[in-house]
Amino acid sequence: MKRGHQVILFAVLLLSLTILSPSFDFRGSQLNQERDQEKDAFPNTSSRSEDQHAPLEIVVSMSKTDFQSFERLANEAAASQHVEISLRNLEPNTYKRVLDNQFSVGESGDIILLDSAEVQYHAKKGHLYPLNGTTLSKSLGETVVGLREMTEWNGYQWGMPFDFDAYVLAARSPFLDEAGLAGLPENKDQWIKLVQQATQDGTDLIRINLNDLHAVSAWLNQFEPGMAPNRIKKAQTSSQTEAYQQIIQLLDQIQSHITVESTNPTISASGEQTGAPMLVTLLSRLLSGNQGVAGEKASTDRIAFSALEPLRSRSLVIAAGSLEAEEASRWIEGMTSSSVQSEWYQQAKYLPAKQQELDLESQKLITKYDTTDVKSWFPAESSQAVMTESLILTSAFQKKIQQLLVGEITANQYVKSIIALQISSK
């Protein structure tokens, strides 16, 4: 072969080997640039890719007492599912800032315990990882339908219901008996009987947390057609006007018998307790304060309660920026197992989101208290719009509600001022 041909052949072979070599990457500069950009935009994601053994970061916001129980259960679930976790318990203001500002940049953690009413919002923003394709797909079907509906959007499930709580109207059963009622009041006439009984006993009628506007709104909305700002209509039909007038008259009678407190109150079944015999509080608060009430006690030691809408639910969600979706779903599966759900209820008194466990605890509540089956708290038809409806309580609305509770304005003045505020906000 001529020398010129050999040189050409050698050059062709060298070029071929260079192109086929796995150690040579023409895209190296481009990939490095993309990784640098990703690191700037998603700091948690990039660090996770560099350290595949980084623990799952779980973000919650709860009281110190609740967090102690949650932390123990979370670590037990992590051990059983063979995953490492890191827990962050944030103050409410910090927690809200994390959700508002850091969700989309990967700094919110891998798993967040989120208010179920906010799941759809974050799903639409692209902040969440769909759970349908994870190991949770089967256990999702074991949760309470009414809670699961709150975490569905666009045909996908974006959160695993974890627990729920409810505002309740509670009363000492003997007080209801004295007023001639078989249960908690359901209409104007029954409320008037209770006012008369409280007047006869020389006590106020009801206690409520002045600072918990959701509690107050839940109570006001039980008076049809609803007396909280989000239910008072700008344009009222004649029938609505008549209904409002009847409730206005009733609230004027109740107003002087309200005791306002700075925290959610609790109640004792003991006849020795002084003060208002009725209250509005969270069910978890009521149960925590009455762990010694036994089902076999006499009727004089019993407490009656009924749920007020809306229900307050929390769900475990996986952040879209997480690279550990498989491990995250395994940990969530452990946290929503039957044993953990039951123990969390025993420790923190938040009702379990799994239907089987809820049925069991509901029957215990019926035995222990004068109440109805928890199933009745969920309307037969989808109530997603009702349960997730956010209360738009501006500072002006809050002030009017508080003025009503402390007796600075009448019920009629309250309704007129709310309507005026709604009109001015158009």
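Computed from the C-beta positions of Q402 and Q346, the FRET efficiency with R₀ = 35 Å rounds to 0.45. Near the amide H of R302, within less than 5 Å, lie the amide hydrogens of S173, all on another chain or at least 5 residues away, with H placed in the peptide plane. For the listed peptides 66-78, 117-129, a ranking on the average number of other beta carbons within 10 Å per residue, highest first, reads 117-129, 66-78. At a 1.4 Å probe, what is the % contribution of carbon and sulfur to the accessible area of region 133-290? Of the solvent-accessible surface of region 133-290, carbon and sulfur hold 46 percent. For the pair K193 and K124, label points projected 7 Å from Cα toward Cβ lie 4.5 nm apart. What the phi angles of region 252-261 give under the Karplus curve with 6.51, -1.76 and 1.60, with θ = phi - 60°, is a coupling list of 4, 6, 6, 3, 6, 10, 9, 9, 8, 10 Hz, glycine and proline written as x. Most tightly packed first, judged by the mean number of other beta-carbon atoms within 10 Å of their residues, the peptides 360-366, 304-310, 277-283 read 277-283, 304-310, 360-366. Computed over protein heavy atoms with a 1.4 Å probe, the accessible surface of region 61-115 works out to 53 Å² per residue. Under 5 Å between amide hydrogens, built in the peptide plane, is the criterion, and for E261 it picks out I208, N209, L210 among residues at least 5 positions away or on other chains. Near the amide H of T143, within less than 5 Å, lie the amide hydrogens of Q355, all on another chain or at least 5 residues away, with H placed in the peptide plane.
3J(HN,Hα) along region 355-362: 4, 5, 5, 5, 4, 5, 6, 5 Hz, from the Karplus curve 6.51 cos²θ - 1.76 cosθ + 1.60 with θ = phi - 60°, whole Hz, x for Gly and Pro.
Legend: residues H82, H214, sorted from most to least accessible area (1.4 Å probe; ligands, DNA and RNA excluded), read H82, H214.
The values are calculated or read from the model by the stated rules, or taken from the named source; none is laboratory data. These numbers were taken from a predicted model, which means no experiment stands behind them. Methodologically, a virtual Cβ is constructed for each residue, glycine included, from the backbone with ideal geometry; neighbour enumeration extends over all protein chains shown. Calculation scope for accessible area: heavy atoms of the full protein, side chains included, ligands and nucleic acids excluded. Shrake-Rupley method; radii C 1.70, N 1.55, O 1.52, S 1.80 Å.
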